[in-house]
Amino acid sequence: MKTRHIKFSMAGLMLCLSLLGCKKDFLDIEPTDKVTEQSVYNTTDGIQGALNGVIRMMHSRLDPPDSQGNFGECSFKIVIDQMGDDLVRSTADNRWFLDTYRWLGHRSVSSDEAANPYRYYYRMIADLNAILEHIDAAKGTPSDKSNLKGQALTFRAFAYSRLVAFYGRRYEAGAPNTQLGVPLIIKSSFDKMPRASVEEVYRQINADLDQAIALLPQAPERKNKSEVNLQVAQGLKARTALTQGNWGDAQKFAKLARRGYPLMESNSYTAGFNKLDNSEWIWGSQQITSEQGSFASFFAYMSCNFSSTYIRTSPHAINRLLYEQIPAGDIRLRNFAVKGLAKSELPTATSSKSCPYQSRKFLATSPSESTGDVPHLRSAEMYLTEAEALARQGGHDAEAANVLFELNSKRDANYARTAKTGQALIDHILLYRRIELWGEGFRYTDLKRLNLPLDRRNSNHSATIAGNLLEVPAGDIRWEFVIPQAEINTNNLIEQNPL
């Protein structure tokens, strides 16, 4: 890997830190401009500017030296689904994310694929730690302080949930979970830190979310859904509880999170998944034309209509086996074209490829602009979380079926409330989770959470395109990203994952 320097935004200021090629730690995030830093954090207005920088990081290209495939959280959503079985690459004509699809990049200690999440989420954590250390002393109203502190804690919990999901072994409910997670860094300046256990990381995630949930009811109404609010914190608490097998909390917080976010109507479901004002979006990234990342954008890879080389040459499809389980009257079926898209739907009629089972779920604003809002949390996910948590508790099968019916009856007028029970009901809920959340960044982490194997066999996955990577057993060491070699080289307390 080449020597890189990264920058992070604090109210529009670029505070530089060296990652490689120097004596500083790979994760050294101590700001170099102390005077400027103090002036930024003197007031809640200044801290809001710093938080806005974090919000932009969710969808922004990180640095000019970084590749166009690295644009924050929105790029890691693509990674998560490229590593699953439900998203199918139809060609190998474009290299972007190809090593991800083949499960190669995240296992190379010198690759950007292994380093990018590590670098990105810790940079976000650095900004958030600075906010949290200054907010209590800043000038501003108590409600503004509660809002900013609650948001920062929620974002930090989210960042750590991503890091431990990528670099740690899966959480096992009822086990001590002493397996290695990631370094827990909750201060702006720090010494070299070893990896905390997975249990310790989840303890911090829960502590941050619990504190945020206590603070955010006092906050003013947010300006838009790019910011986090109480329901976002509750939704992330539900996700965390689901991962930990804490079914009671998963049920409780999922139900709380979806309040006030009614499920979208059918015509919205096929409108391109690109509008933050969608009724069921609880949290998302708003991307405006002046901030568009051109080819460093979610819609430059996941839409079917933006005229990027990737989309023209490597269209995405849904796994045929999953497609065949979607009922004929289900609106979600319309987001996929069994015979491929018509020429009128493609970016260019002459140079764009189509493929069977092609996705049309995501639409960019136009073929010339890769803009569009990106969902991070929807009430539909919370219905599925609540239903799964109820079904796994035992004795609540009818309640679980009712919750699932609330969701599926909005997608399919002919959907009948299921009479399934036990594991059959859980499997039924998980099937609809795959259908509902396709392409939104869930499949790899769901497979890992559920301790299921990756199985792309007997489908429209091509062994040639996938580099013969059609199966990965549950529990295989390849489910963990390797720690970047740059971090190993500069921090002798860090232990590498098995290679």
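The values are calculated or read from the model by the stated rules, or taken from the named source; none is laboratory data. Since this is a predicted model, take the numbers as computed values, not measurements. Virtual Cβ from ideal backbone geometry, glycine too; neighbours counted across all protein chains shown.
If the condition is being surrounded by fewer than 24 Cβ atoms within 10 Å (Cβ to Cβ) and of a type in the set (Gly, Ala, Ser), then the stretch 380-411 contributes GLY394, GLY395, ALA398, ALA401, SER409. Report, ordered by the first and then the second residue, all pairs with beta carbons closer than 9 Å, sequence separation of six or more or different chains, a first member in the stretch 135-160 that is closer than 29 Å to ASN116 by Cβ, and a second member that is aromatic (Phe, Trp, Tyr). So the pair list comes out as ILE135/TYR41; PHE158/TYR121; ALA159/TYR120; ALA159/TYR121; ALA159/TYR122; TYR160/TYR121; TYR160/TYR202.
Check the stretch 330-339 and report whether any residue there is touching a Leu at 6+ places or on another chain (Cβ under 9 Å) and in contact (Cβ under 8 Å) with a residue 24 or more places away in the chain. The answer is no, given that none of the residues of the stretch 330-339 is touching a Leu at 6+ places or on another chain (Cβ under 9 Å) and in contact (Cβ under 8 Å) with a residue 24 or more places away in the chain.
Listed by first and then second residue, the pairs linking a residue in the stretch 38-57 that is in contact (Cβ under 8 Å) with a residue 12 or more places away in the chain to a residue that is in a helix (DSSP H, G or I) and hydroxyl-bearing (Ser, Thr, Tyr), with Cβ atoms under 9 Å apart and 6 or more places separating them unless they lie on different chains, are GLY46/SER39; MET57/TYR120.
Residue-wise test of (1) modelled with pLDDT under 95; (2) assigned to a helix (DSSP H, G or I).
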site	(1), (2)
GLY53	yes, yes
ASP63	yes, no
PHE71	yes, no
VAL79	no, yes
THR91	no, no
TRP96	yes, no
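Scanning the stretch 329-371 for residues that are modelled with pLDDT of 95 or more, part of a loop (DSSP other than H, G, I, E, B) and of a type in the set (Val, Ile, Thr) yields one hit, VAL338. Quick check on ALA317: is it over 30 Å from GLN231 (Cα atoms) and over 22 Å from the mean Cα position of the chain (by Cα)? Considered against the rule, which asks whether it is over 30 Å from GLN231 (Cα atoms) and over 22 Å from the mean Cα position of the chain (by Cα), ALA317 comes out as no.
Using the structure shown, decide if ARG449 is modelled with pLDDT of 95 or more, crowded, with 16+ Cβ neighbours inside 10 Å and not β-branched (Val, Ile, Thr). When the stated conditions are applied, ARG449 passes them. The residue pairs whose first member lies in the stretch 389-407 and is under 25 Å from TYR269 (Cβ atoms), whose second member is assigned to a loop (DSSP other than H, G, I, E, B) and at pLDDT 95 or above, and whose beta carbons are closer than 6 Å, counting only pairs six or more residues apart or on different chains, are LEU390/HIS396; ALA401/ARG417; ALA401/THR418; PHE405/ARG417.
The sole residue among SER290, SER307 that is in a helix (DSSP H, G or I), out of contact with any helix residue (DSSP H, G or I) (no Cβ under 7 Å at 6 or more places or on another chain), surrounded by fewer than 22 Cβ atoms within 10 Å (Cβ to Cβ) and at pLDDT below 95 is SER290. Among the residues of the stretch 241-279, the one identified as of a type in the set (Val, Ile, Thr) and part of a loop (DSSP other than H, G, I, E, B) is THR270.
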